[in-house]
Structure formats: structure tokens, C-alpha cells
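Structure record follows, encoded as C-alpha cells.
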Amino acid sequence: MYQNTLEFAKQKDEQDELKLFRNRFHHPVINGKPTVYFTGNSLGLQPVTAKEYIQVELEDWAQWGVEGHFHGRNPWFSYHELLTEKMANVVGCKPMETVVMGSLSTNVHLLMVSFYRPERKRTKIICEAKAFPSDQYILETQVKFHGLNPEQEIIEISPREGEELIHEEDILRAIKETGDELALVMIGGVNYYTGQLFDMKTIAASGHAVGAKVGFDLAHAAGNINLQLHDWDVDFAAWCTYKYLNSGPGGVSGIFIHERHATNKDLVRFGGWWGQDKETRFLMEKGFDPIPTAEGWQHSNAPIMLMAPLNASLDLFEEAGMEAIGKKRDDMTAYLEFIINDIKSEKVEFELITPTDKTKRGAQLSIAAKGQGKKLFDTLTERNVIADWREPNVIRIAPAPLYNSYEDCWNFGQILRESIQ
Ligand SMILES: *Cc1c(COP(=O)(O)O)cnc(C)c1O
């Protein structure tokens with residue numbers, strides 16, 4: 001079905017209905033040469049319009065000063081609302097269930113304040129082994145914050161002996177076995193290391209069956225996976241927007257809080273004035289009365305300069321639509337997988353550890369290069385492949401449907417072949 005030839009790759013690009021989006025991003029040129037940029041899972045490329053969107057806010061600030069909060073072209077008072085519906089379309093939820101705010105790790109802490117409430121024997125957390133380090137530190141320090149012992153309270157689900165991927169049934173069994181001692185399931189929706197996508201709907205149902213809350217870190221899923229957070233009945237989630245959502249370094253984060261919790265004003269939380277009911281926010285009076293939507297978790301007034309480039313990127317997502325993005329993601333990732341498998345080497349043993357089933361992964365492929373992985377990675381880098389190295393031996397690559405091409409995949413294969421020879 002696929003062919004590892006330039007001609008075939010070009011033909012695929014010709015037929016690609018999203019092909020014109022490639023020109024709407026800046027593509028890095030390093031040492032005077034174009035790159036194969038496969039690191040959209042770490043820092044997405046800059047939308048060409050990002051500069052304009054920021055420029056508008058700089059101009060309004062210059063012209064209006066503080067009055068820009070109400071008189072700017074996009075009044076800052078409600079700027080975050082410009083992003084809400086577009087973000088809801090990306091993660092599959094109702095607009096009232098999501099808001100763009102803060103940063104990812106901080107948001108996970110804040111959401112755990114609401115959703116990790118250890119009580120009597122219900123104190124345990126289930127997570128995946130080898131979670132992203134920040135997530136590990138968050139869980140550890142949250143447990144300590146409640147005066148409990150992380151070693152006793154955190155149950156990590158590992159791949160089985162000699163394997164790289166986690167069996168989902170092992171997560172479900174652990175949930176069942178932990179039963180009424182389980183307070184929270186908190187997992188990365190897509191594992192950052194292997195690219196494994198978890199069945200969030202089944203995990204949420206299984207957690208709820210034993211009375212636990214279920215949340216996901218969607219750093220590697222937002223803008224990558226076709227999420228349906230509302231329908232999957234997830235309790236809460238958070239993600240960053242600088243990976244697949246192209247908002248720029250240190251970009252602002254997004255949160256999801258299921259409607260049934262978002263409307264519950266009594267749900268415990270750490271409050272701030274931006275979460276306060278809009279009618280009374282500026283009365284500066286006592287008594288926290290949260291907005292009965294995800295906005296009720298906001299703290300500070302919006303970081304406009306971080307939201308502007310995100311707004312530029314979300315407009316591209318709106319235009320393309322997650323459905324078309326998902327379709328190209330599956331096909332292009334499968335093509336890249338085909339090319340990698342087509343290249344065999346006697347010198348460097350490498351294998352793909354990402355699931356081969358496209359319903360169990362997004363755009364990312366993780367290549368385990370045994371022996372001289374780092375050397376191979378460095379050679380790729382010298383030849384202008386921008387990929388990502390993770391200890392101990394994984395090269396992560398992710399073709400992004402909006403700006404990568406089938407020709408990029410073919411090029412990568414050529415460079416990989418040269419690099420291992
Ligand atoms: C990228 C990533 C983070 C980064 O957190 P920040 O607070 O944005 O620095 C956290 N968790 C996961 C799973 C990630 O992939």
C-alpha cells in the first residue's frame with residue numbers, strides 16, 4: 001500500500017487535503033538548510049499569524065494602556081473567552097467545561113486540590129509507571145501535603161517484565177483490586193515516552209465503578225488525539241499548549257472540568273479573583289463565589305501575550321478541523337512507520353516501541369535504538385533532523401498533521417539510512 005520512494009511521498013502530499021497548512025507555519029532553517037521537524041510533541045512550530053495576533057495586543061496596549069481591558073479590539077477582560085469554544089472543539093467538551101489558564105504542572109496541582117481528597121481508607125492514587133517527571137513529583141508532593149506516605153499511597157502500573165507498553169487490563173485490574181481505597185486515577189492520556197494512548201473512557205468508567213475520581217494529563221494528547229472528554233465522562237484534565245497546539249515556549253495551559261463538577265460551587269478549591277462571579281469580581285468584597293463553570297478555577301487575570309499566539313494556532317485548528325487532522329495523523333504516522341520498518345540495519349539494532357495499532361497511539365513514534373542510540377540521535381541531529389532524545393535509549397519523532405508532509409517522512413528515512421551506515 002505504501003512505497004518508500006520520493007515519487008510516492010510527493011503523490012501523497014499532492015492528495016493531502018491539509019497540504020496548504022504547511023505554509024502557514026515557520027519552518028526552522030539551521031546552518032542554511034531546511035530541517036525535518038518532527039518535534040511537534042515537544043514544541044510546535046510557530047504559526048505565521050502568531051506575530052500579528054501578538055502585534056494587535058501590543059498596539060492596543062500602546063494606544064489604550066489600562067483601558068485596553070475594555071476598549072481594545074479584543075478586550076483583555078474577556079480575552080480568554082475567545083479561546084474557549086475553539087479549545088472545546090479540540091478536546092471534545094462543552095465550552096463551559098474548559099478554560100485556558102496558567103501552566104500545566106501548576107494546574108494539575110490545583111485540580112488535585114479539588115479531586116484528590118483522601119478520606120479515611122480512600123487515600124490511594126493509581127498512575128502509570130515512568131510517568132513524566134513533573135507528574136511524578138506532583139503526585140508525590142500532593143500525597144505528602146496530606147500528611148501521607150507516597151510509597152504507601154501511590155500505585156504505579158508498570159509494563160510487564162521485558163515489555164515496554166502497559167497492558168490496559170493491568171490498570172483496570174489494579175483499579176478493581178484497590179476498590180474503596182482508591183481515591184484517584186491520574187494517568188497521562190498518551191505516554192510521553194512510548195507514545196501509548198490509553199482508553200480514557202474505559203479507565204474513567206472503571207474508576208467511577210469503585211467510587212474514585214479519574215483525571216488525565218493530556219500534554220501529549222491535546223491537538224493530537226481526537227478526544228471526547230465530556231462523553232468519556234472524565235472528571236478532570238489539564239494540558240499544555242506549546243506541544244501539538246503550537247502556542248510557543250512556555251505557552252499557557254488548558255483545563256477540563258466535567259460539567260457535573262464545574263457547576264458545583266461547593267467543590268473545594270483554591271480560589272482567586274478571576275474565578276469569582278463576574279458581577280461581583282470588581283466589588284472587591286469578602287466571600288468567594290465561584291463562576292459555575294471551569295472558569296471558577298481561574299486565579300489570575302489572563303496572560304494576554306501568551307494567549308494571542310495560542311489564539312492564532314487555534315484558528316488554524318478550527319479551519320482544518322480535528323477530524324481531518326486525525327485522519328492525516330493516522331495515515332502519515334503509518335507511512336513513517338512503514339518507512340522505518342523498511343530500513344533494516346545490521347549495525348544498529350532499532351525497533352519501534354509505540355503500539356502498531358493506530359487506535360492506541362497518536363502522531364508519535366518512539367524508536368528504541370539499542371547500543372548506540374545516542375550516537376545515532378546525534379548523527380540525525382547533525383543532518384538537520386529535529387527529533388527528541390529520551391534516556392535511556394529512545395528517539396521520539398512525531399509528524400504533525402498541520403505542518404509535516406509525507407516528503408518529510410521519506411526524507412527522514414533517507415537520513416536515517418545514511419546515519420546508520
Ligand atoms: C510536557 C509535559 C509536562 C510539562 O509541564 P509544564 O508544567 O508545562 O512545564 C508535564 N507533564 C507531561 C505529561 C508532559 O508531557
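The values are calculated or read from the model by the stated rules, or taken from the named source; none is laboratory data. Here the structure is a predicted model, which means the values were calculated and not measured. Using ideal geometry, Cβ is built from the backbone for each residue, glycine included, and neighbour counts are taken over all protein chains shown.
Values as computed for the structure displayed
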| quantity | calculated |
| --- | --- |
| Extreme residue, nearest to the ligand (Cβ to nearest atom), among residues of segment 201-224 that are surrounded by fewer than 24 Cβ atoms within 10 Å (Cβ to Cβ) and under 28 Å from M332 (Cβ atoms) | I203 |
| Top-ranked residue in segment 246-263 [being touching a helix residue (DSSP H, G or I) at 6+ places or on another chain (Cβ under 9 Å) and part of a loop (DSSP other than H, G, I, E, B); ranked as farthest from the ligand (Cβ to nearest atom)] | T263 |
| Residue identified as at pLDDT 95 or above and surrounded by 17 or more Cβ atoms within 10 Å (Cβ to Cβ) among K12, K51 | K12 |
| Criterion (touching a Ser or Thr at 6+ places or on another chain (Cβ under 9 Å), among the hydrophobic types (A, V, I, L, M, F, W, C) and either in contact (Cβ under 8 Å) with a residue 12 or more places away in the chain or exposed (fewer than 13 other Cβ atoms within 10 Å of the Cβ) (or both)) met by exactly one of V56, V91 | V91 |
| Residue satisfying condition, being out of contact with any strand residue (DSSP E or B) (no Cβ under 9 Å at 6 or more places or on another chain) and modelled with pLDDT of 95 or more, within set L184, L148, L218, L165 | L148 |
| Test for V394: is it over 22 Å from the mean Cα position of the chain (by Cα) and over 18 Å from I225 (Cβ atoms) | no |
| Helices (runs of 4 or more DSSP H) within segment 48-144 that include 3 or more residues away from the ligand (no atom under 16 Å from the Cβ) and over 30 Å from S158 (Cβ atoms) | 50-64, 68-71, 81-91 |
| Those residues of segment 146-174 which are small (G, A, S) and either surrounded by fewer than 16 Cβ atoms within 10 Å (Cβ to Cβ) or part of a loop (DSSP other than H, G, I, E, B) (or both), in sequence order | G147, S158, G162 |
| T194 in contact with a strand residue (DSSP E or B) (Cβ under 9 Å, 6 or more places away or on another chain), in a helix (DSSP H, G or I) and touching a residue at least 24 places away in the same chain (Cβ under 8 Å) | no |
| Close pairs (6 angstrom Cβ cut-off, 6 or more residues apart or separate chains): farther than 19 Å from H109 by Cα in segment 139-164, acidic (D, E) anywhere | I157/E128; I157/D170 |
| Qualifying position, being away from the ligand (no atom under 16 Å from the Cβ), closer than 18 Å to H208 by Cα, in contact (Cβ under 8 Å) with a residue 24 or more places away in the chain and touching a Lys or Arg at 6+ places or on another chain (Cβ under 6 Å), among A183, A174 | A183 |
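This table checks each residue for (1) in contact with an Asp or Glu (Cβ under 8 Å, 6 or more places away or on another chain); (2) within 22 Å of D135 (Cα to Cα); (3) part of a loop (DSSP other than H, G, I, E, B).
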residue	(1), (2), (3)
W239	yes, yes, no
Y244	no, yes, yes
S300	no, no, yes
E318	no, no, no
